[in-house]
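Where a number appears in this text, it was derived from the coordinates with a stated rule and is not lab data. Being a predicted model, the structure only gives us computed values, none of them experimental. Reconstructed Cβ throughout: ideal geometry from the backbone, glycine too, with neighbour counts over all protein chains shown.
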Amino acid sequence: MSLHRHLVGRAWATGPLRWTFADTALYALGVGAGADDPAREREFTTENSAGVTPAVLPTFATTLVPPGERPALGDFDVTRLLHSHQSLTLHGPLPVEGAAVTESRLTALHDRGSAALAVIDSRCADAATGRPLADLRTGLTIRHEGGFGGEPGEDEPWRRPEREPDHTVGYRTAPHQALLYRLCGDRNPLHSDPAVAARIGLLRPPLHGLCTFGFAGRALLHALCGGDPARFGTVSAAFTAPVLPGRDLTVRIWETAGGALFEVRSHGRVVLGRGRFAPRGG
């Protein structure tokens, strides 16, 4: 088994990927909008509520880079591949319907000792006008594939503030949350098939990391942007532990001079860590 290290620097295109409000509303439901109170967040879940203008949750942009479209990074067992980092920068509010083309590149393949870290940079643009919609950076950890002598790469320093969070937002995930979220495009059987989950030592299928990322995005949107997607800028975080559907999520947010630091906890441990947020134009 080996990594395809020759792919570093390789670029590929996907799309156009088209969506309507039905797709963005499904995504909103997939990351918990309306679960506690269907009368709230109706701009993201309905298109015909009186006095409510339809809008798109900013983290919907993560669905515009289909994981099945990237080239194989090696001939290793796919259960060794873990989504470990994600960042997203919005160039403005996403349209409620549209089409996007995405240009992606394998930017780096870092040697982390026992594991490799693949870094993929993507830009999503409007298929008709070419206007940039979002930039994404995806980190994929490949277990047991390190030690090839490459550069380790460095993570940006992050330190939890030694004070209580400025905002604490609690959510309850549904027992079928992963089954609902997978309809947004990520059909990885790890999140639906108990036999596949058992292969990596889990009692049952876990929630998609990007689903937890979407829950965190909702908390940041409402706590720091007044619910306005036009104010949402850049968010990044590391996936540090799996979340089992049905468990609670607690988003802890510390405001800073340039935005905020955050983390998500579930069942007594950090599941989304090293979180950073900066408002658009901030």
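Binning all Cα-Cα separations of the stretch 117-158 at 5 Å, short to long from zero, yields these whole-percent fractions: 6, 15, 19, 18, 14, 10, 9, 7, 2. Less than 5 angstrom separates the built amide H of Gly227 from those of His222, all sequence-distant by 5 or more or on a different chain. Placing pseudo-labels 7 Å out from each Cα toward the beta carbon at Val270 and Arg105 gives an inter-label distance of 3.1 nm. Dipole magnitude for the stretch 151-268: computed about the Cα centre from +1 point charges on Lys and Arg Cβ and -1 point charges on Asp and Glu Cβ, it is near 560 debye. Counted residue by residue at 0.36 nm each, then reduced by the alpha carbon distance between them, the extension gain from Leu202 to Ser114 reaches 29.6 nm.
Across Ile200, Ile142, Ile120, mean-square fluctuation computed from a Gaussian network of the chain (C-alpha pairs under 10 Å connected) peaks at Ile200.
Between Glu255 and Glu164, the modelled labels are 1.6 nm apart [label points 7 Å from Cα along Cα→Cβ]. Ranking Thr53, Val251, Phe277 by how far each Cα lies toward the positive end of the dipole of the chain (charges on Cβ) leaves Val251 at the top.
Applying the Karplus relation 6.51 cos²θ - 1.76 cosθ + 1.60 with θ = phi - 60° to the stretch 183-191 yields 3J(HN,Hα) values of 6, 7, x, 9, 9, 3, x, 3, 9 Hz, where x marks Gly and Pro. Among Asp135, Asp155, Asp121, the residue with the largest mean-square fluctuation in a Gaussian network model of the chain, with springs joining Cα atoms closer than 10 Å, is Asp155. Between Glu156 and Thr20, the modelled labels are 3.8 nm apart [label points 7 Å from Cα along Cα→Cβ].
Please determine, in degrees from 0 to 90 and to the nearest 10, the orientation of helix 209-224 with respect to the longest principal axis defined by the Cα atoms of the chain, where the helix direction is its Cα long axis. So the inclination is approximately 40 degrees. For the stretch 20-100, relative contact order (Cα pairs under 8 Å, six or more residues apart, normalised by length) works out to 32 percent. Placing +1 on the Cβ of every Lys and Arg and -1 on the Cβ of every Asp and Glu, with nothing else charged, gives the stretch 93-199 a dipole about its Cα centre of roughly 360 debye. If only the Cβ of Lys and Arg carry +1 and only the Cβ of Asp and Glu carry -1, the dipole of the chain around its Cα centre is close to 380 debye. For the chain, a Gaussian network of Cα nodes joined below 10 Å ranks Val78, Val96, Val270 by mean-square fluctuation, and the top entry is Val78. Along the axis of the charge dipole computed for the stretch 82-174 (Cβ charges of +1 for Lys and Arg, -1 for Asp and Glu, origin at the Cα centre), the listed residues Ile120, Ala99, Thr173 are led at the positive end by Thr173.
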